[in-house]
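For reference, the structure is listed below as structure tokens.
The values are calculated or read from the model by the stated rules, or taken from the named source; none is laboratory data. Just so we're clear, the structure is a prediction, and the values are computed from it rather than from any experiment. Methodologically, a virtual Cβ is constructed for each residue, glycine included, from the backbone with ideal geometry; neighbour enumeration extends over all protein chains shown. The area values use the complete protein model at the heavy-atom level, side chains included, leaving out ligands, DNA and RNA. Shrake-Rupley method; radii C 1.70, N 1.55, O 1.52, S 1.80 Å.
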Amino acid sequence: MEATDVVQGYFDAWNRHDPEAIAATFVQGGTYTDPNAPEGLSGRAIAEYASGLFAAFPDLSFDLVSHSSTDDGAVAARWVMRGTNTGPLRGNPPTGGTVALPGADFI
């Protein structure tokens with residue numbers, strides 16, 4: 001399997017709202033980090049984190065803008081996350097606001 005196939009499967013899992021499939025794209029001991037999880041998450045914690053995002057943003061989706069692989073097998077992927085905050089997030093009440101947040105993953 002090519003690295004870009006793994007990346008596509010990862011974003012497909014996010015768009016299906018499938019926390020278990022998201023976590024399954026990580027190798028044993030692999031970590032997920034973002035500004036809300038700077039300490040890094042592994043294993044089951046990745047699925048739980050994704051579930052929390054889906055509860056806060058039931059319409060959450062990722063548009064994959066571009067991706068490219070490097071000679072060492074890594075992939076850089078640019079995306080835009082979209083959603084409406086209708087559920088609590090990190091102890092805060094829902095805002096009802098929408099987001100269109102650009103970002104990048106390095107896988």
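Here is how the numbers come out for the structure above:
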{"item": "Per-region count, region 53-107, residues of a type outside the set (F, W, Y) and either assigned to a strand (DSSP E or B) or touching a Ser or Thr at 6+ places or on another chain (Cβ under 8 Å) (or both)", "result": "34"}
{"item": "Residues satisfying the stated conditions in region 78-90, i.e. modelled with pLDDT of 95 or more and not charged (D, E, K, R)", "result": "W79, V80, M81, G83, T84, N85, T86, G87, P88"}
{"item": "Residue match in region 23-35 (condition: in contact with a Pro (Cβ under 7 Å, 6 or more places away or on another chain) and in contact (Cβ under 8 Å) with a residue 12 or more places away in the chain)", "result": "no"}
{"item": "Which listed residue is surrounded by 14 or more Cβ atoms within 10 Å (Cβ to Cβ), over 21 Å from T4 (Cα atoms) and of a type outside the set (G, A, S), from R78, R44, R90, R82", "result": "R82"}
{"item": "Test for S61: is it open to solvent by 50 Å² or more (accessible area, probe 1.4 Å) and of a type outside the set (D, E)", "result": "no"}
{"item": "Identity of the residue in region 1-24, part of a loop (DSSP other than H, G, I, E, B) and at pLDDT below 95, that ends up surrounded by the most Cβ atoms within 10 Å (Cβ to Cβ)", "result": "E2"}
